[in-house]
Amino acid sequence: MKPTAFEYHPATTSEEAVALLAEHGGDAKVIAGGQSLVPLMALRLARVDHLVDINGVESLSGIRSEEGLRIGAVTRHRTAEKSALVLERAPLLAAALGQVGHVAIRNRGTIGGSLAHADPAAELPAALLALDGRVTAASSRGTRTIDASDLFTGFLTTTLEPDELLTEIALPPWNPKAGWSVQEFARRSGDFAIAGVLTVLSLNGNGRVDDARISLIGVASTPVRARAAEQALIGETPTDELWSAAGERATEGLEPPSDLHGSAAYRRQLTRTLVRRSLHEAASRIGAAA
Ligand SMILES: Cc1cc2nc3c(=O)[nH]c(=O)nc-3n(C[C@H](O)[C@H](O)[C@H](O)COP(=O)(O)OP(=O)(O)OC[C@H]3O[C@@H](n4cnc5c(N)ncnc54)[C@H](O)[C@@H]3O)c2cc1C
């Protein structure tokens, strides 16, 4: 199928993109890498009257260190995945990006596009959540920042307004002594994960857990932080039993979707196992710089 007719607006500055979004409101959509939007338009699952292309907006691309890390919305997945800055300051993000589809997808797909698309099976929304990151959104009303925990509200839905342009993400400073892990399961390499777990873990001077972040992929309509499991880890001494208990805790109350790829019960069991593996791997990386 082909998309319905639309007017194409190539923007060269973010101000121009914001003005176009203000003018056309709900009839307009930003196009970045096009890896999600173009298939949706071609299948007529999305109807767009005005397409605002931000690929030519240079100021929206790039990675810089500033109180942590800032990454422009149009930065490609592959650029961030291979960036020395990201590898050093956000190794979890680099590893998560390495799991996104195939290299061809990552060469086009953008950081902002993946977050704005908000697929609960996608790696980047879960990584932003695990890293306590935030996004900046610009509109004709000004700019605002949105914490990852306030960004994802439902399946393919965020708190971004239709006229808002996601301009960059900000990640807080990385604790170089922290361990991290990305564990997911897909039937074929490059497929969206059936379930996945991203973990950040650190220990205090007494060898007890002082920070634990567990972000789950594919088990709800949004990415989810397993807060109760995280809390239960604080102050504990790492053991395999502790990681198994965290897996149990992380899946309590979860209502994963059932579909052709797996039942809810299968996803719950997978998540239990992946949480255990992920914490085990994160613990093994503690103190080892990326
Ligand atoms: C075969 C295939 C396999 C894939 N596998 C995976 C996978 O395993 N994991 C995964 O995470 N993803 C996967 N993807 C999706 C891929 O990561 C997309 O690139 C990503 O989801 C969207 O990024 P994009 O830049 O292409 O956005 P686009 O497709 O251009 O846009 C997606 C949505 O975001 C909006 N948008 C884009 N940029 C902005 C912005 N700056 N501000 C506001 N709104 C914006 C658009 O209007 C649209 O609604 C796959 C895609 C394909 C085709």
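Structure notes:
- Under the condition of being in contact (Cβ under 8 Å) with a residue 24 or more places away in the chain, within 8 Å of the ligand (Cβ to nearest atom) and crowded, with 19+ Cβ neighbours inside 10 Å, the residues counted in region 18-35 number 5.
- Subset of region 12-31 [of a type in the set (A, V, I, L, M) and either assigned to a strand (DSSP E or B) or under 25 Å from the mean Cα position of the chain (by Cα) (or both)]: ALA17, VAL18, LEU21, ALA28, VAL30, ILE31
- Near pairs, Cβ below 8 angstrom, 6+ apart or cross-chain, from region 184-209 (assigned to a loop (DSSP other than H, G, I, E, B)) to any residue that is among the basic types (Lys, Arg): ILE194/ARG187; ILE194/ARG267
- Identity of the residue in region 179-238, surrounded by fewer than 16 Cβ atoms within 10 Å (Cβ to Cβ) and β-branched (Val, Ile, Thr), that ends up nearest to GLY154 (Cα to Cα): ILE234
- Screening the candidates VAL57, VAL74 for the property of being within 12 Å of the ligand (Cβ to nearest atom) and within 18 Å of LEU93 (Cβ to Cβ) yields one hit, VAL74.
- Within region 99-110, being hydrophobic (A, V, I, L, M, F, W, C) and assigned to a loop (DSSP other than H, G, I, E, B) holds for one residue alone: VAL100.
- Members of region 122-156 found to be of a type outside the set (Phe, Trp, Tyr), part of a strand (DSSP E or B) and either buried (at least 17 other Cβ atoms within 10 Å of the Cβ) or touching a residue at least 60 places away in the same chain (Cβ under 8 Å) (or both), listed by number: ARG134, VAL135, THR136, ALA137, ALA138, SER139, ILE146, THR153, GLY154
- Only one entry of LEU166, LEU171, LEU156 meets the criterion of being at pLDDT 95 or above and over 23 Å from LEU92 (Cβ atoms), and that entry is LEU156.
- All conditions in (1) in contact with a Leu (Cβ under 9 Å, 6 or more places away or on another chain); (2) part of a loop (DSSP other than H, G, I, E, B) hold for LEU166, with the sole exception of (2).
The values are calculated or read from the model by the stated rules, or taken from the named source; none is laboratory data. Source: prediction; values computed, not measured. Cβ coordinates were reconstructed from backbone atoms using ideal geometry, including for glycine residues, and neighbour counts include every protein chain displayed.
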